[in-house]
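Read the figures in this text as sums done on the coordinates, not as results from a lab. Everything numeric here is computed off the predicted structure, so don't read it as measured data. Ideal geometry is used to build each Cβ from the backbone, glycine not excepted, and the neighbour counts take in all protein chains shown.
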Amino acid sequence: MSGTGITVKNTTGLGSVLIEQCTITGGTGAGIVINQNATVTLQDSVFVNLKGDAIRLAWPNSSLLLTRCSVESTTGLALDIDRGAATVTNFLARDCAAGGIRVGTHSSVNVRIVNATIAPGSGIAINQAGGILALHNSIIAQATDGLRRASGTTSHDYNLYFQCVNPYVGITAAAQDLQADPMFTSSTNLRPDVGSPAIDSGADMSAFTTTDLDRKTRPINKLFDRGCYEFGTAPSLRIIKWEETSPD
C-alpha cells in the first residue's frame, strides 16, 4: 500500500462513519486519517508494519470513537490526536518507533483513554503537548517516558507503569498508580499472566467499556483489570442460593 490507507472527511449530515474489522498493513504512509467535519467509529481493526502514523485525528470539528483496535510494528505513532475529540478504549500499541499516543495542543483536543496497553518499545508512551486528557486503567510500559505532560489539563489514575526510564515527566503519580511488572504472557503477547498486579486492580469504568480487546466481558469477578485485556473467563453458570429442608 502506497500513501494513506483510508481518509475520512466531510460526513456532515451523514451521521457517524463506522469502520470495523479492517487490517491495514505494509503502507508507506498513515493507516487512517480523519479530516474535517468527520465523526468516525473505528473498532475491531488491526494496523501493522506501517511507515507512518497508524491513526491520525487531524481536524478540530471531527471526533473519533476508537475501541478494540491494535497497532503493532510501526515506524510512526500508534495514535496522533492532533485536533478534535477522541474516546479510546481497549487499545493496544506495541513496538511503535515514534511512540504511543500524542495529544496535540489545539484548543479542540479532548481525549479520554480507558483500558489501554501502550508499550511502544521506545520514545514516549503518552505525550500530552496540550488539550484535555483523561487516562485511566491503562498499562504504560517499555518507553523512555511513560506519561509526559507539557501543557493542558490532565486527569489520571489507576494506571500501571513498567520499564519506563521516566514514568512521569511534567506530572506526578496519582494515588492508585502502580509501578510494577504487569507480567505479560510474553514479549509479543501483552495479556497479563496469572498473578499480574494488573488483575482486579482497576477502577470501575463500566460507563465507557463492557468488553476487552478480545471481546471478553469486562469486568470478570466484578473488578476491572488494568490494560486492554481482561484476565480470566466469565463464569458460565450463575450460582444461586441452595436451601435444604429436612424431611419430617
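Using a simple spin-label model with pseudo-atoms 7 Å out from Cα toward Cβ, residue 183 and residue 153 lie 3.9 nm apart.
Nearest-5 percent of antiparallel DSSP beta bridges in the chain? The antiparallel proportion sits near 5 percent. The charge dipole of the chain, taken about the Cα centre with unit charges on the Cβ atoms of Lys, Arg (+1) and Asp, Glu (-1), comes to about 780 debye, rounded to the nearest 20. Would you look at the GNM of the chain, springs on alpha carbons closer than 10 Å, and say which of 189, 35, 90 moves the most? Looking only at 189, 35, 90, the biggest GNM fluctuation is shown by 189.
Peptides 21-30, 138-147 ranked from most to least packed give 138-147, 21-30, packing being the mean of other C-beta atoms within 10 angstrom over each peptide's residues. Extension gain for residue 46 to residue 174 (0.36 nm times residue separation, less C-alpha to C-alpha distance): 43.0 nm. Residues of the range 207-222 falling in the label zone of residue 20, defined by backbone nitrogen less than 17 Å from a point 7 Å along Cα to beta-carbon, are 209-218. Taking a ≥ b ≥ c as the square roots of the eigenvalues of the Cα gyration tensor, the chain is prolate, since a/c reaches 1.5 or more and a/b is larger than b/c. Amide H to amide H, with H built 1.01 Å from N, residue 62 comes under 5 Å of 37, 38, 85, counting only residues 5 or more places away or on other chains. When each of 117, 41, 188 is scored by the number of other beta-carbon atoms lying within 10 Å, the sequence from fewest to most is 188, 41, 117.
Sorted fewest first by neighbouring Cβ atoms within 10 angstrom, 72, 230, 20 come out as 20, 72, 230.
Would you be so kind as to identify which of 179, 21, 233 lies farthest towards the positive end of the dipole of the chain, taking Lys and Arg as +1 and Asp and Glu as -1 on Cβ and the Cα centre as origin? Going by the Cα projections, it comes out as 21.
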